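Here's the structure we're looking at; comments come further down.
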Amino acid sequence: LDFYGLQTLACREMVEAAMPQVSGERVAQAGGPGPRCPAPQLVDGPLDVEGLRRSVTADTAGAVVVFVGATRRKAGDVITERLEYEAHRPLAVACLRRLQEEAVERFSLEGCGVVHRLGVVEVGEESVAVVAASQHRPAAFAATAWLMDGLKACVPIWKREHAADGAASWVHGEERPG
(Lines give C-alpha, C1' and ligand atoms only; values in the text may rest on other atoms or scores of the structure.)
Protein backbone atom coordinates (compact mmCIF):
# COMPACT_ATOMS: atom_id res chain seq x y z
CA LEU A 1 0.00 0.00 0.00
CA ASP A 2 3.00 2.32 0.09
CA PHE A 3 2.33 2.43 -3.66
CA TYR A 4 -0.39 4.98 -2.86
CA GLY A 5 1.87 7.10 -0.66
CA LEU A 6 -0.08 6.17 2.45
CA GLN A 7 2.58 6.17 5.13
CA THR A 8 0.60 6.11 8.38
CA LEU A 9 -0.96 3.07 9.97
CA ALA A 10 -4.35 4.79 10.23
CA CYS A 11 -4.38 5.48 6.49
CA ARG A 12 -3.31 1.94 5.69
CA GLU A 13 -6.06 0.51 7.87
CA MET A 14 -8.64 2.77 6.21
CA VAL A 15 -7.52 1.79 2.71
CA GLU A 16 -7.45 -1.91 3.61
CA ALA A 17 -10.99 -1.59 4.97
CA ALA A 18 -12.07 0.12 1.74
CA MET A 19 -10.43 -2.44 -0.56
CA PRO A 20 -13.26 -5.00 -0.42
CA GLN A 21 -15.66 -2.33 -1.77
CA VAL A 22 -13.32 -1.74 -4.70
CA SER A 23 -12.61 -5.39 -5.45
CA GLY A 24 -16.27 -6.36 -5.38
CA GLU A 25 -15.99 -8.55 -2.28
CA ARG A 26 -18.52 -6.28 -0.63
CA VAL A 27 -21.11 -4.31 -2.60
CA ALA A 28 -20.98 -0.62 -1.71
CA GLN A 29 -24.24 1.07 -0.77
CA ALA A 30 -25.74 3.51 -3.24
CA GLY A 31 -25.63 6.33 -0.68
CA GLY A 32 -23.55 7.30 2.29
CA PRO A 33 -23.82 6.16 5.91
CA GLY A 34 -27.14 7.90 6.65
CA PRO A 35 -30.20 9.57 5.13
CA ARG A 36 -28.43 12.96 4.89
CA CYS A 37 -25.06 11.60 3.73
CA PRO A 38 -24.96 11.40 -0.05
CA ALA A 39 -22.32 9.15 -1.56
CA PRO A 40 -18.99 10.94 -1.92
CA GLN A 41 -18.29 12.11 -5.46
CA LEU A 42 -15.33 12.71 -7.74
CA VAL A 43 -16.38 15.07 -10.53
CA ASP A 44 -14.71 16.25 -13.73
CA GLY A 45 -16.20 19.74 -13.78
CA PRO A 46 -17.28 22.56 -11.48
CA LEU A 47 -18.57 21.67 -8.01
CA ASP A 48 -22.21 22.16 -7.03
CA VAL A 49 -21.49 23.37 -3.49
CA GLU A 50 -25.01 24.66 -2.89
CA GLY A 51 -26.51 21.35 -4.05
CA LEU A 52 -24.19 19.47 -1.68
CA ARG A 53 -25.16 21.77 1.19
CA ARG A 54 -28.86 21.26 0.50
CA SER A 55 -28.44 17.46 0.33
CA VAL A 56 -26.73 17.39 3.74
CA THR A 57 -28.86 19.89 5.68
CA ALA A 58 -31.37 18.31 8.06
CA ASP A 59 -34.11 19.86 10.17
CA THR A 60 -32.39 18.32 13.21
CA ALA A 61 -29.18 20.27 12.51
CA GLY A 62 -28.61 23.62 14.18
CA ALA A 63 -25.27 24.04 12.41
CA VAL A 64 -24.10 23.44 8.86
CA VAL A 65 -20.45 24.12 8.05
CA VAL A 66 -19.29 24.29 4.44
CA PHE A 67 -15.59 24.17 3.61
CA VAL A 68 -14.50 24.89 0.05
CA GLY A 69 -10.90 24.55 -1.13
CA ALA A 70 -9.85 26.53 -4.20
CA THR A 71 -6.75 26.98 -6.34
CA ARG A 72 -4.75 29.92 -5.06
CA ARG A 73 -2.43 32.07 -7.19
CA LYS A 74 0.64 31.76 -4.97
CA ALA A 75 1.88 28.81 -2.92
CA GLY A 76 5.04 29.77 -1.07
CA ASP A 77 7.34 31.30 -3.68
CA VAL A 78 5.59 29.61 -6.61
CA ILE A 79 3.15 31.51 -8.83
CA THR A 80 0.50 28.95 -9.72
CA GLU A 81 -1.20 28.86 -13.11
CA ARG A 82 -3.42 25.86 -12.39
CA LEU A 83 -3.67 22.59 -10.51
CA GLU A 84 -4.36 19.18 -11.97
CA TYR A 85 -5.87 16.36 -9.91
CA GLU A 86 -5.80 12.63 -10.63
CA ALA A 87 -7.18 9.79 -8.54
CA HIS A 88 -7.57 6.07 -8.27
CA ARG A 89 -11.32 6.59 -8.63
CA PRO A 90 -12.83 3.43 -7.10
CA LEU A 91 -10.41 3.39 -4.18
CA ALA A 92 -10.70 7.15 -3.61
CA VAL A 93 -14.52 6.97 -3.45
CA ALA A 94 -14.34 3.98 -1.08
CA CYS A 95 -11.85 5.82 1.16
CA LEU A 96 -14.01 8.95 1.16
CA ARG A 97 -16.98 6.81 2.16
CA ARG A 98 -14.99 5.33 5.06
CA LEU A 99 -14.00 8.83 6.22
CA GLN A 100 -17.61 9.94 5.93
CA GLU A 101 -18.83 6.98 8.00
CA GLU A 102 -16.20 7.64 10.66
CA ALA A 103 -17.05 11.36 10.80
CA VAL A 104 -20.77 10.65 11.27
CA GLU A 105 -19.99 8.34 14.18
CA ARG A 106 -17.15 10.36 15.74
CA PHE A 107 -18.94 13.74 15.66
CA SER A 108 -22.60 12.59 15.87
CA LEU A 109 -23.40 14.30 12.58
CA GLU A 110 -26.88 14.74 11.19
CA GLY A 111 -25.47 14.94 7.68
CA CYS A 112 -22.16 14.87 5.84
CA GLY A 113 -21.02 15.26 2.24
CA VAL A 114 -17.77 15.34 0.27
CA VAL A 115 -17.08 16.14 -3.37
CA HIS A 116 -13.66 16.51 -5.03
CA ARG A 117 -12.92 17.76 -8.51
CA LEU A 118 -10.50 15.96 -10.82
CA GLY A 119 -8.70 17.25 -13.89
CA VAL A 120 -7.55 20.84 -14.38
CA VAL A 121 -8.64 23.42 -11.80
CA GLU A 122 -7.74 27.00 -12.66
CA VAL A 123 -6.81 29.71 -10.14
CA GLY A 124 -9.91 30.79 -8.20
CA GLU A 125 -11.88 27.65 -9.04
CA GLU A 126 -13.08 25.22 -6.38
CA SER A 127 -11.43 21.81 -6.07
CA VAL A 128 -13.04 20.30 -2.97
CA ALA A 129 -16.11 20.80 -0.80
CA VAL A 130 -16.87 19.24 2.57
CA VAL A 131 -20.14 19.84 4.39
CA ALA A 132 -21.00 18.75 7.93
CA ALA A 133 -24.36 19.21 9.65
CA SER A 134 -24.78 18.68 13.38
CA GLN A 135 -26.97 19.77 16.25
CA HIS A 136 -24.34 22.27 17.43
CA ARG A 137 -21.53 24.19 15.68
CA PRO A 138 -18.46 22.79 17.50
CA ALA A 139 -19.08 19.30 16.11
CA ALA A 140 -19.73 20.61 12.58
CA PHE A 141 -16.53 22.69 12.56
CA ALA A 142 -14.47 19.85 14.03
CA ALA A 143 -15.88 17.30 11.59
CA THR A 144 -15.16 19.48 8.57
CA ALA A 145 -11.53 20.00 9.62
CA TRP A 146 -11.12 16.30 10.47
CA LEU A 147 -12.56 15.23 7.10
CA MET A 148 -10.21 17.53 5.17
CA ASP A 149 -7.20 16.31 7.17
CA GLY A 150 -8.18 12.69 6.47
CA LEU A 151 -8.82 13.37 2.80
CA LYS A 152 -5.42 15.01 2.31
CA ALA A 153 -3.58 12.33 4.31
CA CYS A 154 -5.24 9.12 3.17
CA VAL A 155 -7.32 9.37 0.00
CA PRO A 156 -5.51 8.46 -3.26
CA ILE A 157 -6.01 11.81 -4.99
CA TRP A 158 -2.86 13.43 -6.38
CA LYS A 159 -2.30 17.12 -7.05
CA ARG A 160 0.07 18.45 -9.70
CA GLU A 161 0.94 22.12 -9.58
CA HIS A 162 1.61 23.97 -12.85
CA ALA A 163 3.66 27.12 -12.25
CA ALA A 164 3.79 30.34 -14.25
CA ASP A 165 7.40 29.57 -15.24
CA GLY A 166 6.28 26.36 -16.98
CA ALA A 167 7.46 23.98 -14.24
CA ALA A 168 5.09 21.25 -13.09
CA SER A 169 5.46 19.10 -10.01
CA TRP A 170 3.43 16.75 -7.86
CA VAL A 171 2.77 18.65 -4.65
CA HIS A 172 4.75 17.57 -1.58
CA GLY A 173 7.24 15.79 -3.82
CA GLU A 174 5.15 12.63 -4.06
CA GLU A 175 5.07 10.91 -7.41
CA ARG A 176 1.77 9.66 -8.72
CA PRO A 177 1.75 5.88 -8.99
CA GLY A 178 1.82 4.31 -12.43
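The values are calculated or read from the model by the stated rules, or taken from the named source; none is laboratory data. Quantities reported herein were computed from a predicted structural model and do not represent experimental measurements. Areas reflect the complete protein model, heavy atoms only, side chains present, ligands, DNA and RNA absent. Shrake-Rupley method; radii C 1.70, N 1.55, O 1.52, S 1.80 Å.
Some values worked out for this structure:
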read-out: Linear extension gain, Ala163 paired with Asp59, 0.36 nm per residue minus alpha-carbon span; value: 33.0 nm
read-out: Sequence-distant residues sharing a close amide H with Arg82 (under 5 Å, placed H); value: His162
read-out: Sulfur and carbon atoms: percent of accessible area, the range 93-177 [1.4 Å]; value: 46
